Amino acid sequence: MANRLKSQDKPRGMRKILIPLHVKLIFPSVFVLGLVILYPLVSSLVLSLFNYELTRPDEMKLSVLKNYGMMIDDDVFWLSLKNTLVFTGVSVGVSLIVGLIGAITLDQLPKRLAGLRGVILVPWLIPGVIVGFLFMLIFDVQVGVANVILERAGIIKTFLPWLMDDQLAEIAVIIANIWNQVPFYILMFTAGLKAIPAETKEAAIVEGAGRWQEFVHVTLPHLRGILIITSLLMVIRNFNNFPLIYTMTGGGPVYSTTTFVIYIYRLAFEQFNIGYASAVGVVWCLVLLGLSSLYIKVLTKQDSL
Amino acid sequence: MFRRRLSLGWAAFVWGSVAIIMIWTLFPIFWMLSTSFKTNLDVFKMPPEIWPSHPTLENYIGLASGINPIPRFFFNSFLTALLTVVLTIVLATFAGYALSRLKFRFRDQILVSVLVTQMFPLVVMLAPLYLLYVKAHLLNTYLGMVIAFTSFALPFGIWMIKGFIDSVPVEVEQAAMVDGCSRMQAMRLVVLPLITPGIVATGIFAFLDAWNNLLFPLTLTNEIAMKTLPAGMVMAFSGQFKSDWSGMMAASFITTLPVLIIFILLQRYLVEGLTGGAVKG
């Protein structure tokens, strides 16, 4: 309002070049986001309607539903869906439980040991590529220390070829992922625990509640919001997790650890089938759009409380 | 303050799980360090040595003189990450201020869309972005990479800084404007100093985002000399170098070190920034 009133005082010729302050302030950000995110998304949508291969750019043909129809008969598409759900489901499920136990027990430590909580965060800061390298070494069939530890503990008798076997590779990737992200859960839950009013806890103790009862009736209900938000956020993040899997297995052996994002990458940059890669990408974006609107709804609801 | 009497079972549970979590967290990091100081021969010993029996710096020295230009990757990473920090802070402060203080149409829609952009998989954008970068001559340029990195750090930064400006009372700013400051002066002189923690947190996350990003340098550069560490390392330790474990771990540690230093120095801002958005006390 203020801007508009002011601009009317100026001579007519000047009014045209007056750009409102908010436009000037927001435009640079919108430009960058538009260029790197919005334009490619829209462009993907368009490309997904074409039969477009990077190796044969001249033979770009419109074939509206061909790419989308291909998915139904594409076994790798369904395998990637399964892999994505297993990878995300197990990672998030286990990390939630470990994170909750971690947050609660670390919260009990005396103040002078609070520094330990900082140390716990470190795996989360390590770049995904490095986590991939590190666990590639740990699970290596020749030199890997995982086999040695498991053998000493009597769990396995012979060394396992972790990254060369379909199921073992999946397990190894998930373990590395859990190592990488448990700190984030601990951090979020610790913050949530701090927000529980001391009086509520004391009231529970005065009324004779045991540790378990306190956990079920006081801690969990208070953490509900943060549990939901953290899970949703991490489901979205894991759906998009690329560097860890890419460095550790490259999606292999064959396609056994190929999740959606890895499949899209392999389609586009190993098979140069841009049209089909875009179509799979569009489907995946729709799924994520649904999830993120749910996330935003929960987040804003929490805010208004 | 009411307290429970100490129970032995509970104490065992607490200390037991803390111990397990600490070992689980630290062992892989220790293993990275330990391997990076082993000779390439000792890496293949079975059972593996916990402490290197012939500790050596040759892997670290080898990084500087090997076939792969790791120092160059490091320089590229550092330069692009720093530029990303600057660009993100400037853009996010402008946008965050407008979204917090000014009233205009589509404000709420812009805020939500900004958040949604963060949720899409980067992979989907790569092919069109690559084609665009070829046309715009941004392939193999620092500018191209910095713009790409910034787009990923920006949404979080805008929300973060908007949140911090929201918590500064409008009266403080109005007082400055009554005293003769323009709106922008009031922002620079009065608001900015009050939101320093938000700016620092935004900067840290922008740095980490750029430093850790694999996909952009992997596809938006095809000259080795322009790769940043993650993409450069994926190339460097493939094929015949795949079992250069000690060299790989030395490079990994070098890549992790800046992140650790930032974390140790700025931990407070980092934790505040991470949990601030999701937890309301």
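Taking the condition of being free of Cβ contacts under 8 Å to residues at least 24 places away in the same chain and either of a type outside the set (Gly, Ala, Ser) or crowded, with 21+ Cβ neighbours inside 10 Å (or both), how many residues in segment A:31-45 meet it?
Qualifying residue count, segment A:31-45: 10.
Check B:Ile161 against each of (1) in a helix (DSSP H, G or I); (2) under 24 Å from the mean Cα position of the chain (by Cα); (3) surrounded by fewer than 23 Cβ atoms within 10 Å (Cβ to Cβ) and name the one condition it does not meet.
The failed condition is (3).
Taking the condition of being in contact (Cβ under 8 Å) with a residue 12 or more places away in the chain and either of a type in the set (Gly, Ala, Ser) or in a helix (DSSP H, G or I) (or both), how many residues in segment A:64-106 meet it?
Residues meeting the conditions: 28.
Quick one: which of B:Phe94, B:Phe78 is facing chain A (nearest Cβ under 7 Å), surrounded by fewer than 23 Cβ atoms within 10 Å (Cβ to Cβ), assigned to a helix (DSSP H, G or I) and at pLDDT 90 or above? Give the derivation first.
On the way: B:Phe78 fails: facing chain A (nearest Cβ under 7 Å).
Being facing chain A (nearest Cβ under 7 Å), surrounded by fewer than 23 Cβ atoms within 10 Å (Cβ to Cβ), assigned to a helix (DSSP H, G or I) and at pLDDT 90 or above holds for just one of B:Phe94, B:Phe78, which is B:Phe94.
Out of B:Ser65, B:Ser17, which single residue is surrounded by fewer than 11 Cβ atoms within 10 Å (Cβ to Cβ) and either of a type in the set (Phe, Trp, Tyr) or more than 24 Å from the chain's Cα centre (by Cα) (or both)?
Values: B:Ser17 fails: surrounded by fewer than 11 Cβ atoms within 10 Å (Cβ to Cβ).
Sole residue among the options that is surrounded by fewer than 11 Cβ atoms within 10 Å (Cβ to Cβ) and either of a type in the set (Phe, Trp, Tyr) or more than 24 Å from the chain's Cα centre (by Cα) (or both): B:Ser65.
I want to confirm something. Restricting to segment B:129-145 and keeping residues that are buried (at least 22 other Cβ atoms within 10 Å of the Cβ) and hydrophobic (A, V, I, L, M, F, W, C), which single residue is modelled with the lowest pLDDT?
It comes out as B:Leu129.
Somewhere in segment B:48-60, is a residue within 30 Å of A:Val98 (Cα to Cα) and within 7 Å of chain A (Cβ to nearest Cβ)?
Residues of segment B:48-60 that are within 30 Å of A:Val98 (Cα to Cα), as a first pass: B:48-51.
Okay, now just the ones that are also within 7 Å of chain A (Cβ to nearest Cβ), so B:48.
Yes, segment B:48-60 contains a residue that is within 30 Å of A:Val98 (Cα to Cα) and within 7 Å of chain A (Cβ to nearest Cβ).
Name the residues in segment A:120-139 that are within 8 Å of chain B (Cβ to nearest Cβ) and either small (Gly, Ala, Ser) or closer than 18 Å to A:Gly251 by Cβ (or both), would you? Working first, answer last.
Restricting attention to segment A:120-139, the residues satisfying the condition of being within 8 Å of chain B (Cβ to nearest Cβ) are A:120-123, A:125-130, A:133-135, A:137-138.
Once the filter is applied, which keeps residues that are within 8 Å of chain B (Cβ to nearest Cβ) and either small (Gly, Ala, Ser) or closer than 18 Å to A:Gly251 by Cβ (or both), segment A:120-139 yields A:Gly128, A:Val129, A:Phe133, A:Phe135.
Does segment A:210-218 contain at least one residue that is at the interface with chain B (Cβ under 8 Å from one of its Cβ atoms) and not hydroxyl-bearing (Ser, Thr, Tyr)? So that I can check it myself, show each step before the final result.
Of segment A:210-218, the ones at the interface with chain B (Cβ under 8 Å from one of its Cβ atoms) are A:211.
Narrowing further to those that are not hydroxyl-bearing (Ser, Thr, Tyr): A:211.
Within segment A:210-218, one or more residues are at the interface with chain B (Cβ under 8 Å from one of its Cβ atoms) and not hydroxyl-bearing (Ser, Thr, Tyr).
Looking at segment A:269-287, which of the residues that are free of Cβ contacts under 8 Å to residues at least 60 places away in the same chain and assigned to a helix (DSSP H, G or I) is farthest from A:Val254 (Cα to Cα)?
The extreme case among them is A:Leu286.
So B:Met226 clears everything in (1) crowded, with 19+ Cβ neighbours inside 10 Å; (2) at pLDDT below 90; (3) not polar (S, T, N, Q) except one condition, right? Which one?
Result: B:Met226 passes all but (2).
The values are calculated or read from the model by the stated rules, or taken from the named source; none is laboratory data. None of the values given here were measured: they were computed from a predicted structure. For neighbour counting, all protein chains shown are included, and Cβ atoms are generated from backbone atoms with ideal geometry for every residue, glycine included.
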